[in-house]
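A.B. asks: Would you mind keeping the following structure in view while I ask a few things?
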C-alpha cells in the first residue's frame, strides 16, 4: 500500500499502524503529504511554512528507526503545528507580516511530538496574533474552508483545521485562547480539544495570554485527538500551570463508556458587550445532539451556567497578551491597525486592571462551576453562526470587528477564563452544506470524561465518514 493510499484517508492511528506493519514507509507518507500541501496551497492556503527538505530527511530517519525495530506512538507520521509555536530553525510569525528571526529551539510541545516519532511537516496559518475567528491577513493571504471555498475555516487555528479537514495531515496542534481550536473544529467538521489549562505546556512561555490560551489537537476522530493529547501533554520546569496527570490515558478513555450522565443543554449566550443571536439551524443541531444523548441513555435537561460578568476577567488578559506579542516583534509597522489598537488597550489594562482580572477568575470559576453540582457535562453550541464568508471583516474597524466576532462566536471563550476543558464535536451540516459543531464542557480536569462521551457520540453519529467535496 502506498503512502498516498494510506495518508489521504487514514487517521493518525491507522497511519502509525501501517508504518509499523510495513504497509508503507514514512518517506512515502510524508512525500504524499507534501505533495497534497503543494497541490492545495493555491486554493486552501493552509500552511504558512512547509518544511519540505527537513521533513523528508526526518522521514528517512524514521524509516531507519522502524526497520531497526523501534516503536513509538506516532513514529513516522506527518503532523502540523500552528504558526504561533516554535520549531527550531523556523520563524514564529503568529500570522504577522514582516521579517522574523528563526528560533533556536523547539517549543515543549514540538519536542514531545518529535519524542513520539512524529514528523512536523510545517506550520499552519492563523489570524494575526490569534485575534480573530478567521484566517486571513496581509502576512499570508486567505485560508479557505475545504467544505466551501467561499467561507473561512475559522480561527485562529484555521490553517490547522483546513489542513486536517482536507486530509493534508491527519492531525495538527492548534491553540485556543477564546475558542481558537473549537471554533475552526466546528466550522470544518472536526474534533477539537481544548484541554485543561497547562495540560500541554506552552513553553517557552510559562503561560500564554495570561493563562487564557491552551494548546490542543484537531483531528477527524475522537481516538486520534485523544492519542495526540496523550503524546503532547506534559509539563516542564518553569510552567506556571501544572495540572495533575490523568488516571489512565486519553486514548483508553476514548475506548471506555462514560456511564449514564446528567447533561445540561445550554444555549444561553454569555454577556459580551455586543449583540449575538443563535442561528436557528445551530439551535436545532444542538437540540438534536441532546436528543441523541438521551437516546444513548443520558439524562438531558435545559439549564445554563451562571456566566455573570465573565468578560471582566477576559478582556484585560486577552488585550495584555496581544500587547505582549506586539512588543516581541522587531518591526511592528506592518501589523493591522486593529492590532495596534488592541495593543494600546492592553498597555492601559496591564496594571491594576490586569491584577483585578486575574483575581476575578476564582469567583467566576466558582459561579460557573455551580452547574456541575447538578450536572456532569454541559452541552452547548460551539458557535452562534456557521462559518463566515471570506472577507467578512475586511475594512472593518475595531468595534465593527468585535461585533462580528461576538455575533458569530459568543460561546467558547468563558471556558478559557476558568481554564477548564471542552471538546468540539461535529453536529451535522447546514442546509447550505456548512459544518456545525457543539461543545462538551466539563469541570476541572475532566478531559477523560469528555473524550469518553465524545467517542460514544461518534460511534452513533459516524461523522468521520463524511468528508468535504470542495478539495
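The values are calculated or read from the model by the stated rules, or taken from the named source; none is laboratory data. Small disclaimer: the values here were computed from a predicted structure and weren't measured. Glycine gets a Cβ as well: all are built from the backbone with ideal geometry, and neighbour counts include every protein chain shown.
A.B. asks: Please specify each residue of the stretch 137-173 satisfying the condition of being assigned to a loop (DSSP other than H, G, I, E, B) and under 16 Å from residue 426 (Cα atoms).
C.D. replies: Taking the stretch 137-173 first, the residues assigned to a loop (DSSP other than H, G, I, E, B) are 138-140, 143-144, 146-147, 149-150, 152-157, 166-170.
Within the stretch 137-173, 146, 147, 153, 154, 166 qualify.
A.B. asks: Could I ask something else about it? Taking the stretch 138-180 only, how many residues are touching a helix residue (DSSP H, G or I) at 6+ places or on another chain (Cβ under 8 Å), surrounded by 24 or more Cβ atoms within 10 Å (Cβ to Cβ) and more than 18 Å from residue 407 (Cα to Cα)?
C.D. replies: 23
A.B. asks: Taking the condition touching a residue at least 60 places away in the same chain (Cβ under 8 Å) and crowded, with 24+ Cβ neighbours inside 10 Å, does residue 203 pass?
C.D. replies: no
A.B. asks: Here is a further query. Quick test for you: out of 89, 22, pick the one residue that is surrounded by fewer than 22 Cβ atoms within 10 Å (Cβ to Cβ), outside any helix (DSSP H, G or I), touching a strand residue (DSSP E or B) at 6+ places or on another chain (Cβ under 7 Å) and modelled with pLDDT of 95 or more.
C.D. replies: 89
A.B. asks: Further question on the same structure: I'd like the full set of residues that are under 17 Å from residue 34 (Cα atoms) and under 18 Å from the mean Cα position of the chain (by Cα), limited to the stretch 46-92.
C.D. replies: Selection gives 46, 47, 48, 78, 79, 80, 81, 82.
A.B. asks: Take the conditions in contact with a helix residue (DSSP H, G or I) (Cβ under 6 Å, 6 or more places away or on another chain) and modelled with pLDDT under 95 and apply them to residue 98. Does it pass? If you could, list the steps in order and put the result at the bottom.
C.D. replies: On the way: in contact with a helix residue (DSSP H, G or I) (Cβ under 6 Å, 6 or more places away or on another chain): yes; modelled with pLDDT under 95: yes.
Yes; evaluated as a whole, the condition is true for this residue.
A.B. asks: Something else now. I'm told residue 330 meets every condition in (1) closer than 19 Å to residue 383 by Cα; (2) out of contact with any helix residue (DSSP H, G or I) (no Cβ under 7 Å at 6 or more places or on another chain); (3) in a loop (DSSP other than H, G, I, E, B) except one. Can you identify the failing condition by its number?
C.D. replies: Among (1) closer than 19 Å to residue 383 by Cα; (2) out of contact with any helix residue (DSSP H, G or I) (no Cβ under 7 Å at 6 or more places or on another chain); (3) in a loop (DSSP other than H, G, I, E, B), the lone unmet condition for residue 330 is (1).
A.B. asks: Could I ask something else about it? Mind checking which pairs have a first residue in the stretch 165-179 that is without any contact (Cβ under 8 Å) to a residue 24 or more places away in the chain and on the phi > 0 side of the Ramachandran plot and a second that is surrounded by fewer than 24 Cβ atoms within 10 Å (Cβ to Cβ) and in a strand (DSSP E or B), Cβ under 8 Å, 6 or more apart or different chains?
C.D. replies: Between residues of the stretch 165-179 that are without any contact (Cβ under 8 Å) to a residue 24 or more places away in the chain and on the phi > 0 side of the Ramachandran plot and residues that are surrounded by fewer than 24 Cβ atoms within 10 Å (Cβ to Cβ) and in a strand (DSSP E or B), there is no close pair.
A.B. asks: Please count how many residues of the stretch 260-308 are crowded, with 18+ Cβ neighbours inside 10 Å, farther than 21 Å from residue 450 by Cα and in contact with a helix residue (DSSP H, G or I) (Cβ under 6 Å, 6 or more places away or on another chain).
C.D. replies: 3
A.B. asks: While we're looking at this one, here's another question. Where the second residue is surrounded by fewer than 16 Cβ atoms within 10 Å (Cβ to Cβ) and part of a loop (DSSP other than H, G, I, E, B) and the first is in contact (Cβ under 8 Å) with a residue 24 or more places away in the chain and lies in the stretch 233-262, which pairs have Cβ atoms under 7 Å and are six or more apart or on separate chains?
C.D. replies: Close Cβ pairs satisfying both conditions: 235/242; 238/206; 239/206; 240/206; 260/297; 262/374.
A.B. asks: Just checking, how many residues over the stretch 93-115 are surrounded by fewer than 20 Cβ atoms within 10 Å (Cβ to Cβ) and either part of a loop (DSSP other than H, G, I, E, B) or free of Cβ contacts under 8 Å to residues at least 40 places away in the same chain (or both)?
C.D. replies: Of the residues in the stretch 93-115, 11 are surrounded by fewer than 20 Cβ atoms within 10 Å (Cβ to Cβ) and either part of a loop (DSSP other than H, G, I, E, B) or free of Cβ contacts under 8 Å to residues at least 40 places away in the same chain (or both).
A.B. asks: Could you say whether any residue in the stretch 36-49 is assigned to a helix (DSSP H, G or I), in contact with a helix residue (DSSP H, G or I) (Cβ under 8 Å, 6 or more places away or on another chain) and modelled with pLDDT under 95?
C.D. replies: The answer is no, given that none of the residues of the stretch 36-49 is assigned to a helix (DSSP H, G or I), in contact with a helix residue (DSSP H, G or I) (Cβ under 8 Å, 6 or more places away or on another chain) and modelled with pLDDT under 95.
A.B. asks: May I ask you to say which residue of 460, 465 is surrounded by fewer than 17 Cβ atoms within 10 Å (Cβ to Cβ), out of contact with any helix residue (DSSP H, G or I) (no Cβ under 8 Å at 6 or more places or on another chain) and either at pLDDT 95 or above or under 23 Å from residue 280 (Cα atoms) (or both)?
C.D. replies: Answer to the selection: 465.
A.B. asks: Of 326, 394, 345, which residue is surrounded by fewer than 14 Cβ atoms within 10 Å (Cβ to Cβ) and closer than 30 Å to residue 136 by Cα?
C.D. replies: That would be 394, the only listed residue that is surrounded by fewer than 14 Cβ atoms within 10 Å (Cβ to Cβ) and closer than 30 Å to residue 136 by Cα.
A.B. asks: Shifting gears a bit: State whether one or more residues within the stretch 408-424 are surrounded by fewer than 20 Cβ atoms within 10 Å (Cβ to Cβ) and either touching a residue at least 24 places away in the same chain (Cβ under 8 Å) or in contact with a helix residue (DSSP H, G or I) (Cβ under 6 Å, 6 or more places away or on another chain) (or both).
C.D. replies: no
A.B. asks: Would you check if residue 198 is touching a strand residue (DSSP E or B) at 6+ places or on another chain (Cβ under 8 Å), surrounded by fewer than 24 Cβ atoms within 10 Å (Cβ to Cβ) and in a loop (DSSP other than H, G, I, E, B)? Give the derivation first.
C.D. replies: Working: touching a strand residue (DSSP E or B) at 6+ places or on another chain (Cβ under 8 Å): yes; surrounded by fewer than 24 Cβ atoms within 10 Å (Cβ to Cβ): yes; in a loop (DSSP other than H, G, I, E, B): yes.
Spelling it out, residue 198 is indeed touching a strand residue (DSSP E or B) at 6+ places or on another chain (Cβ under 8 Å), surrounded by fewer than 24 Cβ atoms within 10 Å (Cβ to Cβ) and in a loop (DSSP other than H, G, I, E, B).
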